Amino acid sequence: MSLLEEVELLRRVPLFADIEPAKLKLIAFTSERVTFDPDQYVFHQGEAGDAAYIIMEGDADVLIDGPGGARAVARVGRNEFIGEIAILCDVPRTASIRARSQIVALRISKDLFFRMLTDFPKMSLTIMRVIAQRLENTTAQLRRVLAEAQLAEADIAKAHPGGG
């Protein structure tokens, strides 16, 4: 993929929609193009975050570790930005990302990411919106899980009156 093709792909990512082509070329040039095979992990939950990724081709599962092992909670694909929470908040990765198909991505180092936020204030606003939407989705999932757990408890109580 040429630099111009990468710039063209970056223009389709909502995060970069308002950034002028010359600056997109700089982002494409200073980021690293990486490839992941199917079932290969981009990163693991709990790891330190040193980069964010823009998926240029392919799709992946977002996995959360739980008592029964890792569970897929979402799918990400082309033009999506992943891994930014760990570097923004300086926390361990909040989920694992495992390729479903071959992924071609641009790896944006932590330093470059912060430079981009400083240089492109509109991008900062877009990132805040993306994170807020992810938080809303997570909250909705938690509500569903809690409702399911309460129903299961009620069913158990009906099946075993008196606790026993």
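The values are calculated or read from the model by the stated rules, or taken from the named source; none is laboratory data. It should be emphasised that the depicted structure is a prediction, and the values quoted were computed from it without experimental measurement. A quick note on method: Cβ atoms are made from the backbone with ideal geometry, for glycine too, and the neighbour counts reach across all protein chains shown.
Observations
- From the options 115, 98, residue that is modelled with pLDDT under 95 and basic (Lys, Arg): 115
- Test: residue in region 69-86 that is touching a Leu at 6+ places or on another chain (Cβ under 8 Å), crowded, with 19+ Cβ neighbours inside 10 Å and in a strand (DSSP E or B): yes
- Pairs linking a residue in region 98-126 that is assigned to a helix (DSSP H, G or I) to a residue that is among the small types (Gly, Ala, Ser) and buried (at least 17 other Cβ atoms within 10 Å of the Cβ), with Cβ atoms under 7 Å and 6 or more positions apart or on different chains, are 110/51; 112/31; 113/52.
- Residue that is surrounded by the most Cβ atoms within 10 Å (Cβ to Cβ), among those in region 7-20 that are more than 11 Å from residue 123 (Cβ to Cβ) and out of contact with any helix residue (DSSP H, G or I) (no Cβ under 6 Å at 6 or more places or on another chain): 9
- Selection from region 94-115 of residues that are charged (D, E, K, R) and buried (at least 19 other Cβ atoms within 10 Å of the Cβ): 98
- Scanning region 126-153 for residues that are surrounded by 11 or more Cβ atoms within 10 Å (Cβ to Cβ) and either in contact with a strand residue (DSSP E or B) (Cβ under 9 Å, 6 or more places away or on another chain) or not charged (D, E, K, R) (or both) yields a total of 10.
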